[in-house]
1. Given the condition under 20 Å from Lys4 (Cβ atoms), modelled with pLDDT of 85 or more and either crowded, with 16+ Cβ neighbours inside 10 Å or charged (D, E, K, R) (or both), answer yes or no: does some residue in the stretch 44-53 qualify?
2. Is one or more of the residues making up the stretch 24-35 modelled with pLDDT under 85 and not in a loop (DSSP other than H, G, I, E, B)?
Amino acid sequence: MPKKADTTTSEGLFVRLDPELVTRLRVHAATTRQTLSAVVGEALERFLRSKEKG
């Protein structure tokens, strides 16, 4: 079983993610010149908003 990756968002939220997802988020962070924590925070916000809608 792959080890989970830990990170903290720019808002200070601690999250544990799948390593493959972290790799994809790191690539996105590099191409958009953002930090990994900022990208994780944005992804979490989008996920939570989608859950609220339906």
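1. Scanning the stretch 44-53 turns up no residue that is under 20 Å from Lys4 (Cβ atoms), modelled with pLDDT of 85 or more and either crowded, with 16+ Cβ neighbours inside 10 Å or charged (D, E, K, R) (or both).
2. no
The values are calculated or read from the model by the stated rules, or taken from the named source; none is laboratory data. These figures come from a predicted structure and were not determined experimentally. Note that each Cβ is placed from the backbone with ideal geometry, even for glycine, and that neighbours are counted across all protein chains shown.
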